[in-house]
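The next block holds one structure in the form of structure tokens; read it before the comments.
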Amino acid sequence: MNVVDVKHLKYRYKEESQDYILDDVSFHVKQGEWLSIIGHNGSGKSTLVRLIDGLLLAESGDIYISGDLLTVDNVWEKRRQIGMVFQNPDNQFVGATVEDDVAFGLENQGVPLAEMKERVTEALELVGMADFKTREPARLSGGQKQRVAIAGVVALRPDIIILDEATSMLDPLGRLELIATIKRIKDKYGITLISITHDLDEVALSDRVLVMASGKIESINSPRGLFARKDLHDLGLDFPFTQRLRLELQKIGFELPDNYLTEKELQDTLWELLSNR
């Protein structure tokens, strides 16, 4: 089942003379899928997910959430099916403590107190922040703040989680830890995940990658297919470590395949080559 279906979407911010930020964009996201969206700044990525979440209204085109056309009449109902985590978690905090902040959305939805406490505890344990429930959000590190923001979304139990550059402000270790947490949440609940990112580790875990360029879809591919491309720099991405290593090894005489290899695949291929020498 397609949990998100976007058809011929068009959007521009100002008057008719302005170029379209999104120009005839169509794609779908299946239930339980992880879709990464990449592209240069200004390519339309953030605008696209804000339209899906109902924060913006398209000039033309349709968006279907779980089979229902998104309209001004059902936008609040549909938004309850979608949780969104932004680049800067400070913009999402409203509670005096971590547990208050995670509980805020549940209070707005009228969740009974006993169930609310259970969901808050479960969400904080899932992101590894249970020991920080009485802390002030402002006193947390960047990675901890982002974990709390994700806990607040997970507690609402949405069908879809959108991550808008949610790992971009973290150091490399913090990014890896947060990505591992996100994958664990997705696997536990079968959540559909849409992530805007430039992080290769995040892209590598996704099922498909949508590449945006100048308001249009440039391509949709698997991570393996994307990483095999020779123009990743033009897309705003670096080459994965294994791809760079493979190219350097080819230069010194190793007969390696031209396609992208994961770390495990590269390791096994090298072991087989060295064993036969």
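The values are calculated or read from the model by the stated rules, or taken from the named source; none is laboratory data. Computed from a prediction, not measured in an experiment: that's the story for all the values here. Don't worry about glycine lacking a Cβ; one is built from the backbone with ideal geometry, like all the others, and counts go over all protein chains shown. In case anyone asks, the SASA skips ligands and DNA or RNA and just uses the protein heavy atoms, side chains included. Shrake-Rupley method; radii C 1.70, N 1.55, O 1.52, S 1.80 Å.
Out of (1) small (Gly, Ala, Ser); (2) in contact (Cβ under 8 Å) with a residue 24 or more places away in the chain; (3) farther than 29 Å from residue 64 by Cα; (4) assigned to a helix (DSSP H, G or I), the odd one out for residue 128 is which?
Failed condition: (4).
Of the numbered conditions (1) in contact (Cβ under 8 Å) with a residue 60 or more places away in the chain; (2) at positive phi; (3) touching a Phe, Trp or Tyr at 6+ places or on another chain (Cβ under 8 Å); (4) not acidic (Asp, Glu), residue 157 satisfies every one except a single condition; which is it?
(1)
Determine whether segment 132-139 contains at least one residue that is under 27 Å from residue 78 (Cα atoms) and either open to solvent by less than 50 Å² (accessible area, probe 1.4 Å) or at pLDDT 90 or above (or both).
no
Scan (1) over 22 Å from residue 168 (Cβ atoms); (2) more than 22 Å from the chain's Cα centre (by Cα) for the single condition residue 140 breaks and write down its number.
For residue 140, the failing item is (1).
Output the number of the condition that residue 7 fails; it satisfies all remaining conditions of (1) in a strand (DSSP E or B); (2) within 17 Å of the chain's Cα centre (by Cα).
(2)
Is it the case that segment 204-219 has a residue that's assigned to a helix (DSSP H, G or I) and under 14 Å from the mean Cα position of the chain (by Cα)?
yes
Cβ-Cβ distance below 7 Å, separation of 6 or more or different chains: which pairs start in segment 246-259 with a residue that is surrounded by 10 or more Cβ atoms within 10 Å (Cβ to Cβ) and end on one that is assigned to a loop (DSSP other than H, G, I, E, B) and modelled with pLDDT under 85?
The qualifying pairs are 246/261.
Tally up the residues in segment 85-103 that are small (Gly, Ala, Ser) and at pLDDT 90 or above, please.
Residues in segment 85-103 being small (Gly, Ala, Ser) and at pLDDT 90 or above: 1 in total.
Among (1) open to solvent by less than 80 Å² (accessible area, probe 1.4 Å); (2) more than 22 Å from residue 142 (Cβ to Cβ), where does residue 218 come up short?
(1)
Can you find a residue that is free of Cβ contacts under 8 Å to residues at least 60 places away in the same chain, assigned to a helix (DSSP H, G or I), open to solvent by less than 10 Å² (accessible area, probe 1.4 Å) and not polar (S, T, N, Q) anywhere in segment 186-203?
no
Just to verify a result, which residue in segment 10-58, among those that are of a type in the set (A, V, I, L, M), open to solvent by less than 10 Å² (accessible area, probe 1.4 Å) and in contact with a Phe, Trp or Tyr (Cβ under 9 Å, 6 or more places away or on another chain), is farthest from residue 73 (Cα to Cα)?
That would be 35.
Under 7 Å between Cβ atoms, at least 6 apart or on separate chains: pull out the pairs that start in segment 39-67 with a residue that is touching a residue at least 40 places away in the same chain (Cβ under 8 Å) and at negative phi and end on any residue that is part of a loop (DSSP other than H, G, I, E, B) and basic (Lys, Arg).
The qualifying pairs are 59/12.
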